[in-house]
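Enquirer: Sending over a structure as structure tokens; questions will come in a sec.
The values are calculated or read from the model by the stated rules, or taken from the named source; none is laboratory data. Since the structure is predicted, the reported quantities are computational estimates derived from the model, not experimental observations. Neighbour counts are summed over all protein chains in view; Cβ atoms, including those assigned to glycine, are modelled from backbone coordinates with ideal geometry. Side chains included, ligands, DNA and RNA excluded: accessible areas come from the protein's heavy atoms. Shrake-Rupley method; radii C 1.70, N 1.55, O 1.52, S 1.80 Å.
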Amino acid sequence: MTDARSRRLDQPADRGMRLPRIRLDSEVFGKFAETFARFMGTARFIFYMTIFVIVWIVLNVSGLWWLHWDPYPFILLNLFFSTQASYAAPLILLAQNRQTDRDKLSLEEDRRRATAQKADTEYLAREIASLRIALGEVATRDFIRSELAKLADEQRK
């Protein structure tokens with residue numbers, strides 16, 4: 001007896017074969033991607049790649065030491081660069097995504113701190129205002145001296 005799904009041509013057949021799931025530690029792989037992306041963005045990497053390309057071309061054009069494995073159009077070198085780019089682009093994107101996530105967390109923490117600082121500042125401003133009001137009602141030394149001087153003058157009269 002055949003299943004109704006297996007008879008439908010617009011649905012993929014269920015073969016029952018599944019690939020094993022590979023579990024990678026995303027943190028370790030993310031750190032690797034960031035390290036790789038940082039290295040690819042350095043002058044040292046560009047220098048090493050330039051030396052590599054120069055040596056590759058010189059050996060293949062001149063044929064020194066009977067080394068002539070990739071003739072002039074340098075198809076193998078081109079394939080090497082294509083493979084490197086196909087791995088580099090996703091690793092760089094992964095590193096950028098991790099940096100974006102860190103930036104979001106940092107921004108949220110900065111907002112939280114700014115809100116707390118604003119609340120603290122407003123509280124302190126209210127406290128200072130209440131102290132000024134309270135001090136406005138308190139007699140100062142100069143005020144008391146002037147009042148005593150007025151009383152003394154009135155007593156003398």
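Enquirer: Out of segment 70-79, which residues are surrounded by 10 or more Cβ atoms within 10 Å (Cβ to Cβ) and part of a loop (DSSP other than H, G, I, E, B)?
Expert: Residues satisfying the conditions are ASP70, PRO71, PHE74.
Enquirer: Taking segment 80-119 as the region of interest, how many residues are open to solvent by less than 70 Å² (accessible area, probe 1.4 Å), within 21 Å of GLU27 (Cα to Cα) and under 14 Å from the mean Cα position of the chain (by Cα)?
Expert: Count: 6.
Enquirer: Another question, then. Which of the following residues is under 18 Å from ILE92 (Cα atoms), out of contact with any helix residue (DSSP H, G or I) (no Cβ under 7 Å at 6 or more places or on another chain), assigned to a helix (DSSP H, G or I) and at pLDDT 70 or above: GLU34, GLU27?
Expert: Of GLU34, GLU27, the one residue that is under 18 Å from ILE92 (Cα atoms), out of contact with any helix residue (DSSP H, G or I) (no Cβ under 7 Å at 6 or more places or on another chain), assigned to a helix (DSSP H, G or I) and at pLDDT 70 or above is GLU27.
Enquirer: Given the residues GLN96, GLN84, which is the only one that is closer than 30 Å to ARG38 by Cα, touching a residue at least 40 places away in the same chain (Cβ under 8 Å) and assigned to a helix (DSSP H, G or I)?
Expert: From the options GLN96, GLN84, the qualifying one is GLN96.
Enquirer: Within segment 33-54, track down each residue that is touching a residue at least 40 places away in the same chain (Cβ under 8 Å) and open to solvent by 70 Å² or more (accessible area, probe 1.4 Å).
Expert: ARG38
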